[in-house]
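Novice: What follows is a structure written as structure tokens; I'll ask about it next.
The values are calculated or read from the model by the stated rules, or taken from the named source; none is laboratory data. On a predicted model such as this, the values are computed, not experimentally measured, just so you know. Every residue, glycine among them, receives a Cβ derived from its backbone with ideal geometry; neighbour counts consider all protein chains shown. Surface accessibility is based on the protein's heavy atoms, side chains included, excluding ligands, DNA and RNA. Shrake-Rupley method; radii C 1.70, N 1.55, O 1.52, S 1.80 Å.
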Amino acid sequence: MIIIEYFVGFHVVLPNLQRKSNIIIIKDFVGFHVVQPNLHMIIIEYFVGFDVVLPNLHMIIIEYFVGFDVVLPNLQRKSNIIIIKDFVGFDVVLPNLHMIIIKDFVGFDVVQPNLHIIIIKDFVGFDVVLPNLHMIIIEYFVGFDVVQPNLQLLQLFIINNYILIMKTIIIDPVTRIEGHAKISIYLDDQGQVNDARFHVTEFRGFEKFCVGRPFPEMPGITARICGICPVSHLLASAKTGDGILAVKIPKIASQLRRLINLGQIVQSHALSFFHLSAPDLLLGMDSAPEKRNIFGLIAAEPELARGGIRLRQFGQEIIELLGGKKIHPSWAVPGGVSHPLTQENRTHIQQRIPEAKSTVINAIELFKKLLKIYQKEVKTFGNFPSLFMGLVSADGLWSTYDGYIRFVDSVGNIVADKLDPNNYHQFIGEAVQADSYLKSPYYLPLGYPDSSDHCRLDSGMYRVGPLARLNICSHIGTSLADAELREFRSYENGTVKSSFFYHYARLIEILAAIEHIEIILDDPDILSTRLRAEAGINCLESVGVSEAPRGTLFHHYQVDENGLMLKVNLIIATGQNNLAMNRTVAQIARHFIQGGEIKEGILNRVEAGIRAFDPCLSCSTHAMGQMPLFIEVVNKNGTVINQICRD
């Protein structure tokens, strides 16, 4: 028997610790090439092992375990147990293990072929093989290339204390959004909706593969996160680079960045309203799905569709004339921008403003008429209390490029104001959900929302984007948009809470963007060529923030002395709406789904609830492709009782 408080071992051999009574008790263990061939029991508080062989071990109890190339081949009898509090394993082989209890588990290339029971609180697995597993209990699970082929009929699969034995409706993919996702709707035995979940099923990983890149490359790299809103990432990244250089960029460079961002808001909002959501709103939620698309809209409302296309083109032209191309420009750089606006391009944009303004004003009037038709949807599409967050200027003005963070509650009270975006970690927490690659940020002082069906006023859930920006600002600063803002706010007391009003807010923001574009272009200094501040690396950490069309976007970088990326954290607008989107699909499903028969139009309403947020999943997951929509209603015995397929 050996009792050690702190153990560091290199090439350690303990061959005769052989009887079952032989025990090692170690508080802190670091071992390299450790061989203990006859050890029967080991109790360790902190364990770090490299090339550790314990061939005859029968029981191991570890509080913190990090293992590389660890072999425990004979943990074989059902009485053999591993109990670990925090486990990180690389190339770990436990071929005969029967039971493992782990609090926090991260595994890479983990093989446990004969495991019968696994109990894990937080599990992240890459290339995990559990071929003979019969029971698994996990609170938080994220898995990549996980194989569990024989979860047969001891089969209890428990996630987040929730046993998944109920009828399920799956919508995969959710259509007319940017990216790939699905919706699961869970019914009880009476056919009533028990819960609904929005899953983001694509994974990209920009935060990881940017590590090691020179920070000046980051604007060009991160612009390629998304083809819909590349300017958002371009600007947030360039602003983060400004902080690493520790420079104040020239005034006109800042104004030109604002201009290109406003152009992006116009084109992205126009895409969302006219191309993605107008087919529902103008052709009807229950219209034939083969006609409920942009081509059906062109046939039914040709002038409206043409105006929407031209409006989006106007925004894209601003991006192209400033950035050199419509998609993935590399024009904004740390310290400013690479080239100026020309007189010819300024004139071209100014000439197109009257048409763009007329188009959006007509669309606003049309939407206000549609509100009378969709009163039921107004009441049920994400209509619940929440916080709202976004950027405002020092005096509360609507802002899309710079300013302070403000939180407002559902009554309209300012919860927090003039928060420095550089300190976002003090007021924004990030949670991970087991069934989605999308992170779930929340307002840290109020905590992560509980899992109840009720939206508490003290919940940390918040919304971002056009609805939030109009709820938090004091005014927009232009005559036409401010008039529409006053009418917008008259629909509800306090803040406007229904997510159906995201469409209305989007149109008002297009109008506001066009008016602000006009103001910027009238500046006599806008053609200045003093556009860039030069400097070396003066800060090793920086945060850049701007308003993307879908909401507030954070880029947080850490670099070394040579300017190479050490760490990247991106908090994306769509992610910040994740909790609210999940509440929205559950609210819509509970209202419209009653009993086993599910009509296509009802499922389209569930999708439309997500489209109201205009999520950009390519941004927020950091894949491409399209799959058919497939919905099943399955009872707890596994029998399919209803099925819908859309090619």
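Novice: Can H339 be described as out of contact with any Asp or Glu (no Cβ under 7 Å at 6 or more places or on another chain), open to solvent by 10 Å² or more (accessible area, probe 1.4 Å) and at positive phi?
Specialist: Numbers: out of contact with any Asp or Glu (no Cβ under 7 Å at 6 or more places or on another chain): yes; open to solvent by 10 Å² or more (accessible area, probe 1.4 Å): yes; at positive phi: no.
Against the criterion (out of contact with any Asp or Glu (no Cβ under 7 Å at 6 or more places or on another chain), open to solvent by 10 Å² or more (accessible area, probe 1.4 Å) and at positive phi), H339 does not qualify.
Novice: Regarding Q316, is this residue closer than 30 Å to E534 by Cα, among the polar types (S, T, N, Q) and open to solvent by less than 60 Å² (accessible area, probe 1.4 Å)?
Specialist: yes
Novice: Output the residues belonging to the range 492-520 that are part of a loop (DSSP other than H, G, I, E, B) and either within 14 Å of V266 (Cα to Cα) or touching a helix residue (DSSP H, G or I) at 6+ places or on another chain (Cβ under 7 Å) (or both).
Specialist: If the condition is that a residue be part of a loop (DSSP other than H, G, I, E, B) and either within 14 Å of V266 (Cα to Cα) or touching a helix residue (DSSP H, G or I) at 6+ places or on another chain (Cβ under 7 Å) (or both), then T495, V496 are the ones that fit.
Novice: Looking at this structure, is L311 closer than 29 Å to K599 by Cβ, among the hydrophobic types (A, V, I, L, M, F, W, C) and either in a helix (DSSP H, G or I) or in contact with a helix residue (DSSP H, G or I) (Cβ under 8 Å, 6 or more places away or on another chain) (or both)?
Specialist: Values: closer than 29 Å to K599 by Cβ: no; among the hydrophobic types (A, V, I, L, M, F, W, C): yes; either in a helix (DSSP H, G or I) or in contact with a helix residue (DSSP H, G or I) (Cβ under 8 Å, 6 or more places away or on another chain) (or both): yes.
Criteria not met by L311.
Novice: Counting only residues that are charged (D, E, K, R) and outside any loop (DSSP other than H, G, I, E, B), which one in the range 549-591 is most open to solvent (accessible area, probe 1.4 Å)?
Specialist: So the residue we want is K567.
Novice: Is there a residue in the range 530-544 that is modelled with pLDDT of 95 or more, buried (at least 19 other Cβ atoms within 10 Å of the Cβ) and out of contact with any Phe, Trp or Tyr (no Cβ under 7 Å at 6 or more places or on another chain)?
Specialist: Looking through the range 530-544, at least one residue is modelled with pLDDT of 95 or more, buried (at least 19 other Cβ atoms within 10 Å of the Cβ) and out of contact with any Phe, Trp or Tyr (no Cβ under 7 Å at 6 or more places or on another chain).
Novice: Could I ask something else about it? If I filter the range 342-362 down to residues being within 30 Å of K248 (Cα to Cα) and out of contact with any Leu (no Cβ under 8 Å at 6 or more places or on another chain), which single residue comes out as surrounded by the most Cβ atoms within 10 Å (Cβ to Cβ)?
Specialist: T347
Novice: Suppose the filter is modelled with pLDDT under 95 and open to solvent by 40 Å² or more (accessible area, probe 1.4 Å); does D172 pass it?
Specialist: No; evaluated as a whole, the condition is false for this residue.
This table checks each residue for (1) of a type outside the set (S, T, N, Q); (2) in contact with a strand residue (DSSP E or B) (Cβ under 9 Å, 6 or more places away or on another chain).
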position	(1), (2)
E365	yes, no
K368	yes, no
Q375	no, no
L419	yes, yes
Y424	yes, yes
E430	yes, yes
Y448	yes, yes
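Novice: Residues L321, L341: which one is in a helix (DSSP H, G or I) and not acidic (D, E)? Give the steps one after another, and end with the answer.
Specialist: Details: L341 fails: in a helix (DSSP H, G or I).
Exactly one residue qualifies, and that residue is L321.
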